[in-house]
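Reading through the structure tokens given below for one structure.
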Amino acid sequence: MTLSNFVAAFLTLCIFSFLYKENPFYRFGEHLLVGVSMGYAIPLIYDTVFIPYVYRPIFLDHNYIIIIPAVLGFLYVFRYSKNLSWLARYPIVFGMGIVGMSVPMSMHSQVLVQMKTAMLPLDNINTILIFIGTVTILLYFFFSKAHKGAYGKVTNIGVWFMMIGFGASFGYTVMARISLLIGRIQFLLGDFLGLIK
Amino acid sequence: MKRQIPLMIVMILGFLFVIHTFVPHKISADFYDWWQEWAKAISPFAVVLGVISLGMVHGTKISRKAPNWQYSLVTVLALVFTAASGFIWGRQEGTPYMWLFKNVQMPMSATMFSLLAFYIASAAYKAFRARSAEATVLLIAAIIVMLGQVPLGMQISRWIPDISTWILNVPNMAAKRAIMIGVGLGMVATSLKILLGIERTYLGGGD
Amino acid sequence: MEKRKMTLVQRMQQLDRRYIYIVIAVAIIIPLLIPFNTKTYVTEPTANIYKKIDSFAGREDKAILMSFNHDASTMPELFPMEVSILRHCFERDVKVFTLCFMPQAAPLVDYAINTAKEGYDVTSGVDYLNFGYRPFALQLPIILGMGEDISNALETDSEGRKIENMEIMENIRNYDDMNLVIDFSGSASIQTWIIYARAKFGANIAAGITAVMVADNYPYLQTGQLVGMLRGLKGAAEYEKLVDIFAAYEDEDYPNGRPYSQEILKEINVPITADKIIYEVTNEDGSVDKISTNAEMKYEYKKARIGMNAQSVAHVMIIVFIIVGNIGYFLTRKNKKLG
């Protein structure tokens, strides 16, 4: 048991203590986590982003045009200012322009490719079921027509497909949550107490 | 003007990007290189936003001696100390900076999320009720998928992993595909609304 | 009698949640303390990633990219996947690059590489290369930039060295060569790779994802937009097994690992306890292979499989909770109707 492991285990237990009830140990851990996480990002971004993309081009490569985006970036600072917050819009919109690319690309990957593979020959029960499921759910999300009568019955089939889909997601969600807890208990029992080999 | 100029920039850049996607001309490639170089130079400043926001929240609490202000002091001290340690002693393996990350940040953020396992267990007992036929189908699908993922499922019956795989590949796939198509169209619509200046919430409040 | 029975049901319904917490904790602790061997069944989406990586073995003109898109919170599921894939690459001499777009992921990349490379004679810049951290704002420019020229899009590695002239970069220019990208994440970040790297450059994309995201990504598997998918802790356990049985396997006939074989995979299970088991496997051509398992496997190499034992018990407990909770609910409802 090293000091490092001891600290990590103590802080792990601080967070777990919340399960009993809210208490000062948990609050201490929570606030420490927020501070360390943010403090951690600053030198990392300075070294790996500011130096190579701002400092080096301007001061070492003398590419002075980079001063303009650097000033644009600096305008972020005014985000919380009462009178000058509009200045912070400039760095935001510069990055936002790329959504222009997402229009054709999302259309391709999320819609067209999915539709193409949904149009397989209906030669076995599974492809028929997939076809029925996809179509009825799409109809279910079509809100311009009231879900009544025969149309309501068709969209209701979509609901059953969705319930199975949500059930599958739910089963996997349980799995994921349990896995994360297993990881922490493996740390406490294995790395900290040395009981797992 | 404070809103119009930024909206114009989004519109112009956005449509240049639409063109760039379809036209592999040199001018189009040069435009992209220019944008990329500038985007890189803008990006490091975003972290300043986070620091300012955190500083404002906790700084105010400390200066006003609000209830539990001592915890805010913990956050601010931890932030300053971690950042300073990275600048003073470097970021390599074995430095105080990396020690803090490995023994403070990592275990606590992992534990935070692991709490969800307890909540989902409690919800399984108290909230997941077969109140209707639809909810029953959801629960049965969930139980089969849960069993299908663990070795025990196969030991109970070799059908369990097979049914679980079928659920995932057929009804689940159909459901998720339909939702994906819907979300995809939604994304395209939102992107177009941004490009055309109809969606403006990202600009923030004010005039 | 009826009254007492109902109070029991009511008490069951109002059970303090902390008892449930204790039960679930115990259901996880005991299987971890007392390990037992269970069979890990390898599924197709996992095997497809393995086969794809294995097809790059020993090739100078092929490489894979591992994108670490997660922080420590999802490490229990994703870290064993990353270690196994790195181990696979080191065993089979596959060039591997790593990259991350989250500040918190940067040390995890080093941690995974350091864990996996122990015992292997591999060098940074020759066998593997960590491109390091790039800010999230640059994710798209970099994903797109790598489609043209990787050295140009990234310029330097995690240590600030120019990557252009490094030995590992020989014959590796864009996604045509770095022909498999595996994104590890607990979010929908895989979509960015599919929408841009796949659609624009035809890159092969695979996902190592937390179980939460699994069901949502099935449509991508069917369309082939994803080559394969490692699904939660089970996916990690499956990959650990594949590496043990094939890539890391050593005997007189196969000194440098053995090729993938469905027959062997079906038959063999590597025990997580320190037992040496000798399997006799009949191949398609009728020949018989004797295969012995490694009894002294490192803890890091079997961590996901150890975890899966606890996962089994915990799942059963959750199912019991759902059933008992519903029995209580129906008894209460029936009683309300009666009286």
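The values are calculated or read from the model by the stated rules, or taken from the named source; none is laboratory data. As the structure is a prediction and not an experimental result, all values here were calculated from the model. Here the Cβ positions follow ideal geometry from the backbone for every residue, glycine too, while neighbour counts run over all protein chains shown. When the accessible area is computed, the model is the full protein with side chains, heavy atoms only, and any ligands, DNA or RNA have been set aside. Shrake-Rupley method; radii C 1.70, N 1.55, O 1.52, S 1.80 Å.
Phi-derived couplings, Karplus 6.51 cos²θ - 1.76 cosθ + 1.60 at θ = phi - 60°, listed residue by residue for the stretch C:256-272: 10, x, 10, x, 4, 8, 4, 4, 4, 4, 5, 7, 8, 10, 8, x, 8 Hz, with x used for Gly and Pro.
Note on B:Lys2: accessible area approximately 80 square angstrom, rounded to 10, probe 1.4 Å, nucleic acids and ligands left out. Normalised radius of gyration (Cα atoms, divided by 2.2 N^0.38 Å) for the stretch A:145-187: 1.96.
In chain C, the DSSP-assigned H stretches of four residues or longer account for a calculated mean residue ellipticity at 222 nm of -13500 deg cm²/dmol, using -39500 (n - 2.57) per stretch and the full residue count as denominator. Cα-based radius of gyration for chain C, normalised by 2.2 N^0.38 Å, reads 1.17.
Placing C:Asp177, C:Asp121, C:Asp216 in order of accessible area, with the largest value first and a 1.4 Å probe, yields C:Asp121, C:Asp216, C:Asp177. Surface listing: A:Ile51, B:Ile198 arranged by accessible area from highest to lowest gives B:Ile198, A:Ile51, probe 1.4 Å. Secondary structure note: in chain C, about 20% of the DSSP beta bridges are antiparallel. In this view, the solvent-accessible surface of A:Thr2, computed with a 1.4 Å probe and all protein chains in place, comes to about 80 Å².
Our summary gives chain A a relative contact order of 14 percent, counting only alpha carbon pairs under 8 angstrom and 6 or more residues apart. Comparing C:Asn294, C:Asn179, C:Asn283 in a Gaussian network model of chain C (Cα springs below 10 Å), the most mobile by mean-square fluctuation is C:Asn283. Take every DSSP beta bridge whose two residues both sit in the protein assembly as shown; close to 20 percent of them are antiparallel. Compared with the dominant Cα axis of chain C, that is its longest principal axis, helix C:106-117 is turned about 80°. Classification of the stretch C:121-185 by its C-alpha gyration tensor yields a rounded form. The axis ratio a/c (a ≥ b ≥ c) stays under 1.5.
Heavy-atom accessible surface of C:Glu170, to the nearest 10 Å², is about 100 Å², with a 1.4 Å probe and all protein chains retained. Across the stretch B:136-207, Cα-Cα distances exceeding 13 Å account for 73% of all pairs. Counting only residues at least eight positions apart within a chain, or on another chain, the lysines with an alpha carbon under 26 Å from that of B:Lys61 are A:Lys21, A:Lys82.
Principal-axis analysis of the Cα atoms of chain C puts helix C:44-54 at an angle of about 20° to the longest axis. Decide, for the stretch C:24-120, between rounded, prolate and oblate: order the square roots of the alpha carbon gyration tensor eigenvalues as a ≥ b ≥ c, take rounded if a/c falls under 1.5, and otherwise choose prolate if a/b is larger than b/c, else oblate. Oblate, because a/c is 1.5 or more while a/b does not exceed b/c. For the stretch C:25-31, putting each phi into the Karplus relation 6.51 cos²θ - 1.76 cosθ + 1.60 with θ = phi - 60° gives couplings of 5, 5, 4, 8, 5, 4, x Hz, in residue order, rounded to whole numbers and with x for Gly and Pro.
What relative contact order, as a whole-number percentage, does chain C give when Cα pairs under 8 Å and 6 or more residues apart are counted? Over chain C, the number comes to 23 percent.
Among complete DSSP H helices in chain B, those whose alpha-carbon atoms stretch at least 20 Å along the helix's long axis and whose mean Kyte-Doolittle hydropathy reaches -0.5 are B:4-22, B:46-63, B:69-89, B:106-126, B:133-149, B:171-195.
Amide H to amide H, with H built 1.01 Å from N, B:Gly204 comes under 5 Å of no residue 5 or more places away or on another chain. Counting only Cβ charges, +1 for Lys and Arg and -1 for Asp and Glu, the dipole size of the protein assembly as shown around its Cα centre is about 4600 debye.
Taking amide H positions as modeled 1.01 Å from N, with prolines and chain starts lacking one, the residues under 5 Å from C:Met229 and 5 or more places away or on another chain are C:Thr46, C:Ile49, C:Ala207.
Between B:Arg131 and A:Ser144, the simple label model (points 7 Å from Cα in the Cβ direction) yields a spacing of 3.3 nm. With all protein chains in place and ligands, DNA and RNA left out, the 1.4 Å accessible area ranks B:Leu13, B:Leu49, A:Leu139 as A:Leu139, B:Leu49, B:Leu13, largest first. By definition, a body whose alpha carbon gyration tensor gives a ≥ b ≥ c is oblate when a/c is 1.5 or more and a/b is not larger than b/c, and chain A fits this oblate description. Angle of helix C:232-242 to the longest C-alpha principal axis of chain C, folded into 0 to 90 degrees and rounded to 10: 50°. For a paramagnetic label modelled on B:Asn68 (point 7 Å from Cα along Cα→Cβ), amide N atoms under 15 Å away belong, within the stretch A:26-47, to A:26-35. Using only Cα coordinates, the Kirkwood hydrodynamic radius of the stretch A:108-192 works out to 16.0 Å. Looking at the stretch C:200-307 alone, DSSP beta bridges between its own residues are antiparallel in about 60 percent of cases. Across all directions, the average flat footprint of the convex hull enclosing the Cα atoms of the stretch C:44-245 is 9.7 nm². Counting only the Cα atoms, the protein assembly as shown fills a convex hull of 208 Å³ per residue.
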